[in-house]
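Beneath this line is the structure, given in structure tokens, with notes to follow.
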Amino acid sequence: MLTIGMDYAFILNAVVLAFLSQNLVLLIIIGAILLLLIYIIHRVRLRNSRERKIIRPVTEMLGNVPERIRELNKEIEPFGFAYEPNQDIFYSLMYPWQRKLGYCRLYDEACAAMSMIIDCEPITFEYAGKKWLIEFWKGQYGMNTGAEVGIYNTTGPNLNIPGIFNGTFYFCVKDEECIDMSFIFRKKGNLLFTRSGHHWWLTGFKLGEYSKPSELSMDIELMLYDKKMASIFGNALKEAGYQPDEYKVQGRRVLIRFDKPHTKQPLTRTALTDYLMMRNNADLCDSYNTLTAAYIDTPDKLELLKLMDPGMYGRIIALGKPKEVFEAYNTIKGYLDLSKDSERE
């Protein structure tokens, strides 16, 4: 048995030596490849370690998170907005500059040219001796995916300005006319954010999120002044084309599912403008997300952009509809009876 074992070991050693002698070059190549892989893995780990040491949150250098949020809100307050960190969204304030400019169809028409490809849903009706507008919006606001609900009214006559505007101009409601409103905002059925408040203009904007308007939906709840107003508004929804499964009136409470708009969309929303502006919006969102990929918090990302790309930073903090959208107000304000309707806080 011992002799057999020794013979087996001798034969095995001979086979191994023969393999090594015949495949020496192959083994050298395999060994070199393994060494190269080990070196590459080591370099990658070393680089990642260095990057983790170099890239620190901006808030660590400029103050804690609450301080950075306060600083950010000071910067965007002149534009009429504030930042809400829990949902990582921007929202409109109660007394922004936009409140002085009311609303009319011309504003919606101006949006597409400003890279805002949004679905507009103006619902108009009459109640308590006034003409009312409650409008919903959703879509891509430049570098933001956003949604809005606004309430407006007027006692003035319709305007007929040849070559400029033929329709109703509405004023933002007064403080005592604000209502409780809320909405749930979804993209492809997945929750983006929620908003609620006693307001005249409830909004939310998600920076760096790119969405087609058709991918977005809003579940809106409005608490109107009384049952009569809710009933009239419900009839206006029905006349606009809403089906029974898209809205519900419960006392003075109205629920609306805003998915696909039923009213006529702005003439500026053409296939060509949608394509060109949305392509630009997608590129901007990609650039923003690439430049700020090393950071998690929006205040940190914006502080980085302020240093690296001031132009993009300026575009971002001018949230919502820019002042250019409201340029029409300067043209038509001379035709308005401001003595009755312009005293809006």
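The values are calculated or read from the model by the stated rules, or taken from the named source; none is laboratory data. Predicted model only: the values in this text are computed from it and were never measured. Glycine gets a Cβ as well: all are built from the backbone with ideal geometry, and neighbour counts include every protein chain shown.
Here are some notes:
- Residue within segment 324-345 that is assigned by TED's automatic domain parsing to the domain that holds Pro213, within 18 Å of the chain's Cα centre (by Cα), in a helix (DSSP H, G or I) and of a type in the set (Asp, Glu) present: no
- Beta carbons closer than 9 Å, at least 6 apart along the sequence or on distinct chains, pair a first residue in segment 185-198 that is at negative phi with a second that is surrounded by fewer than 12 Cβ atoms within 10 Å (Cβ to Cβ) and modelled with pLDDT of 95 or more for Phe185/Leu191.
- Checked against the criterion of being assigned by TED's automatic domain parsing to the domain that holds Leu202, surrounded by fewer than 18 Cβ atoms within 10 Å (Cβ to Cβ), closer than 19 Å to Thr203 by Cα and free of Cβ contacts under 8 Å to residues at least 60 places away in the same chain, segment 159-173 has no qualifying residue.
- Residues satisfying the stated conditions in segment 213-237, i.e. surrounded by fewer than 22 Cβ atoms within 10 Å (Cβ to Cβ) and part of a loop (DSSP other than H, G, I, E, B): Tyr225, Asp226
- Number of positions in segment 178-212 that are over 14 Å from the mean Cα position of the chain (by Cα), outside any strand (DSSP E or B) and buried (at least 17 other Cβ atoms within 10 Å of the Cβ): 2
- Among (1) more than 17 Å from the chain's Cα centre (by Cα); (2) of a type in the set (Ser, Thr, Tyr); (3) at pLDDT 95 or above - the single one Thr155 does not satisfy: (3)
- Subset of segment 297-323 that is of a type in the set (A, V, I, L, M) and within 17 Å of the chain's Cα centre (by Cα) - its residue that is farthest from Gln140 (Cα to Cα): Leu302
- For beta carbons closer than 8 Å, sequence separation of 6+ or different chains, a first residue in segment 224-241 that is closer than 16 Å to Lys131 by Cβ and a second that is of a type in the set (Lys, Arg), the qualifying pairs are Leu224/Arg252; Leu224/Arg253; Tyr225/Arg252; Met229/Arg252.
- Taken over segment 157-177, the criterion of being out of contact with any Ser or Thr (no Cβ under 8 Å at 6 or more places or on another chain) and assigned to a loop (DSSP other than H, G, I, E, B) is satisfied by Pro157, Pro162, Gly163, Val173, Lys174.
To keep it simple, each residue is scored yes or no on (1) over 24 Å from Ile117 (Cα atoms); (2) at pLDDT 90 or above; (3) crowded, with 17+ Cβ neighbours inside 10 Å.
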site: Leu272; (1), (2), (3): no, yes, no
site: Asn281; (1), (2), (3): no, yes, yes
site: Asp286; (1), (2), (3): no, yes, no
site: Ala293; (1), (2), (3): yes, yes, no
site: Ile296; (1), (2), (3): yes, no, no
site: Pro299; (1), (2), (3): yes, yes, yes
site: Lys306; (1), (2), (3): yes, no, no
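- Strands (runs of 3 or more DSSP E) fully within segment 86-148 counting 2 or more residues that are in contact with a Leu (Cβ under 7 Å, 6 or more places away or on another chain) and at pLDDT 95 or above: 116-127, 130-141
- Of residues in segment 242-283 being among the aliphatic types (A, V, I, L, M) and in contact (Cβ under 8 Å) with a residue 12 or more places away in the chain, the one nearest to Leu106 (Cα to Cα): Leu267
- Lone unmet requirement of (1) in contact with a strand residue (DSSP E or B) (Cβ under 8 Å, 6 or more places away or on another chain); (2) surrounded by fewer than 17 Cβ atoms within 10 Å (Cβ to Cβ) for Gly251: (1)
- Just one of (1) surrounded by 14 or more Cβ atoms within 10 Å (Cβ to Cβ); (2) under 18 Å from the mean Cα position of the chain (by Cα); (3) polar (S, T, N, Q) fails for Thr263. It is (2).
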